[in-house]
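Trainee: Just dropping this structure here.
The values are calculated or read from the model by the stated rules, or taken from the named source; none is laboratory data. From a predicted model like this one, the values you see are computed outputs, not experimental measurements. Cβ placement follows ideal geometry from the backbone for every residue including glycine, while neighbour counts extend to all protein chains displayed.
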Amino acid sequence: MKKICVIGLGYIGLPTATMFAVSGYKVVGVDVKKDVVETINQGNIHIEEPGLSEMVKGAVSKGNLKASTKPEESDVYIIAVPTPLTQDKKIELKYLKNAIESLEKVLKKGDTVIVESTIAPRTTEDFILPILEEMGFDPKKDLYLSHCPERVLPGQIINELMNNNRVIGGTTKEAALKARKIYESFVNGEMYITDATTAEMVKLMENTFRDVNIALVNELAKISKKIKIDIWEAVDLANKHPRVNLHKPGPGVGGHCLAIDPWFIVEKAPEKSKIIKLSRDTNNSMPGFVVKDIEENLEKINNPKIAILGITYKGNVDDLRESPVLDIIDKFEQKGYDLGIYDPYVKNFKYETVSLENAVKEADLLIVGADHRDFKYIFPDKISELMRNNILYDTKNILDHKAWEKSGFKVMKLGGYNIKNW
């Protein structure tokens, strides 16, 4: 039976390692954080993901999954380390470089190496291969090297790891076929074979497509405010067309994919990726748009307090990566506003978080920043009694606005007005 070593035990690495472990492989997961290693070896998890806790506990108890701070000799090595942006919007490859170099003492001819980390086009050919060559390998003859990008949504990772289709890009056809054989142990979806550079580009294209389309509707939201129509109603009606499927507007774009991946394409061809860059700039401008919109409604209130409900980049998860709400909070902090921050999913945050009651107490405006399902069950009457001024700004359009209006709230939606008098 093959032994698998997974480098990086974050939102992708740990679920992936666990899937292989419950499929019967002996798996060692590697992470540089000692507390993460200790947590996993105790059968616990350090991230929130439905269904993962039980699977990790079972895999560890059976001896199929263990964690370590150093790689062990294996047959398959899967790299799932972060590839964040640098300050100048370039891909940061130091974690990937460290991960590959950490294999020097254990990697041998005939092994399979799979990179799951999201990377810019030609990173496998132009960056990874030279490192392996310096380690004494002919990567296309001695090893089976592939890029197999993940395609999962936080909150649904286990289901999507099993059932989503996958693209596997090999540096050789044999490498791609080897990788596909390994993933067949738990992937029910289709697996498509291509070269590594195409696989790199496919992952970026998928997320860029979504980012560009979100930028379109966010731009329309700004225009809708100017011409005084409800963008949410307009989107709903436009989507009645059989060939139109507009996205929803929002306070910006977050997460480890959409807010980052398009920049990898821009980096490779800045002179040709004008639409992609403009879309990124548009989505990055939304926190500022929200702040300005809110300030216009606080002009006549002395020393206003703002309550913020939900700070994650999407609903029902604890994931703060690239969350636009954090940018909104920073902008308010810089302006000296009194803030009450509440998020039932987030345990550690650089600013103080409080209970719902304390967040809204004596507040003048309430912002819904994340579409947590919990917020739909908040009673507006109780919130009204605690607040000083009853203004609701729903960036996600998730609440029952008629119920909030009945409780005395002035309801605002991002980029939305309803001026109908008939």
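Trainee: Report the residue count in the range 265-316 for those that are under 14 Å from ILE328 (Cβ atoms), assigned to a helix (DSSP H, G or I) and under 20 Å from the mean Cα position of the chain (by Cα).
Mentor: The qualifying residues number 4.
Trainee: With the requirement that a residue be in a helix (DSSP H, G or I) and either in contact with a Pro (Cβ under 6 Å, 6 or more places away or on another chain) or among the aromatic types (Phe, Trp, Tyr) (or both), what does the range 119-160 give you? Break it down into steps so the answer makes sense when it comes.
Mentor: As a first pass, look at the range 119-160 and keep what is in a helix (DSSP H, G or I): 123-134, 157-160.
PHE127, LEU129, LEU132, ILE157, listed by residue number.
Trainee: Next question, about the same structure. I'm trying to understand the selection: among the residues of the range 88-118, which are farther than 30 Å from LYS277 by Cβ, in contact with a strand residue (DSSP E or B) (Cβ under 9 Å, 6 or more places away or on another chain) and either of a type in the set (Asp, Glu) or part of a loop (DSSP other than H, G, I, E, B) (or both)?
Mentor: Here is the first cut: in the range 88-118, the ones farther than 30 Å from LYS277 by Cβ are 101-114.
Subsequent filtering for residues that are in contact with a strand residue (DSSP E or B) (Cβ under 9 Å, 6 or more places away or on another chain) retains 102-103, 106-107, 110-114.
Once the filter is applied, which keeps residues that are farther than 30 Å from LYS277 by Cβ, in contact with a strand residue (DSSP E or B) (Cβ under 9 Å, 6 or more places away or on another chain) and either of a type in the set (Asp, Glu) or part of a loop (DSSP other than H, G, I, E, B) (or both), the range 88-118 yields SER102, LEU103, VAL106, LEU107, GLY110, ASP111.
Every residue, every condition in (1) out of contact with any helix residue (DSSP H, G or I) (no Cβ under 7 Å at 6 or more places or on another chain); (2) at pLDDT 95 or above; (3) surrounded by fewer than 19 Cβ atoms within 10 Å (Cβ to Cβ), yes or no:
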position	(1), (2), (3)
GLY169	no, yes, no
ALA176	yes, yes, no
VAL202	yes, yes, yes
THR208	no, yes, no
HIS247	no, yes, yes
ILE265	no, yes, no
ASN284	yes, yes, yes
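Trainee: Determine if the range 186-198 includes at least one residue that is of a type in the set (A, V, I, L, M) and touching a Gly at 6+ places or on another chain (Cβ under 8 Å).
Mentor: At the first step, the residues of the range 186-198 found to be of a type in the set (A, V, I, L, M) are 187, 191, 193, 196.
Narrowing the set further to residues that are touching a Gly at 6+ places or on another chain (Cβ under 8 Å) leaves 193, 196.
Yes, the range 186-198 has at least one match.
Trainee: Before we move on, is ILE91 touching a Cys at 6+ places or on another chain (Cβ under 7 Å) and either among the hydroxyl-bearing types (Ser, Thr, Tyr) or in contact (Cβ under 8 Å) with a residue 40 or more places away in the chain (or both)? Give the derivation first.
Mentor: On the way: touching a Cys at 6+ places or on another chain (Cβ under 7 Å): no; either among the hydroxyl-bearing types (Ser, Thr, Tyr) or in contact (Cβ under 8 Å) with a residue 40 or more places away in the chain (or both): yes.
Taking the combined requirement at face value, the residue does not satisfy it.
Trainee: Further question: Among VAL32, VAL28, which is in the same structural domain as THR112 (by TED's automatic domain parsing), surrounded by fewer than 24 Cβ atoms within 10 Å (Cβ to Cβ), in a strand (DSSP E or B) and under 26 Å from the mean Cα position of the chain (by Cα)?
Mentor: Result of the check over VAL32, VAL28: VAL28.
Trainee: Considering the range 327-356 alone, what residues qualify as being under 22 Å from the mean Cα position of the chain (by Cα) and either assigned to a strand (DSSP E or B) or over 18 Å from GLU295 (Cβ atoms) (or both)?
Mentor: ILE341, TYR342, ASP343, PRO344, TYR345, VAL346, LYS347, ASN348, PHE349, LYS350, TYR351, THR353
Trainee: Next question, about the same structure. Would you check which residues across the range 224-234 are touching a residue at least 60 places away in the same chain (Cβ under 8 Å) and not in a loop (DSSP other than H, G, I, E, B) and list them?
Mentor: Answer for the range 224-234, where residues must be touching a residue at least 60 places away in the same chain (Cβ under 8 Å) and not in a loop (DSSP other than H, G, I, E, B): SER224, LYS225, ASP230, ILE231, TRP232, GLU233.
Trainee: Which of the residues that make up the range 83-126 are surrounded by 14 or more Cβ atoms within 10 Å (Cβ to Cβ), out of contact with any Lys or Arg (no Cβ under 8 Å at 6 or more places or on another chain) and polar (S, T, N, Q)?
Mentor: THR83, SER117, THR123, THR124
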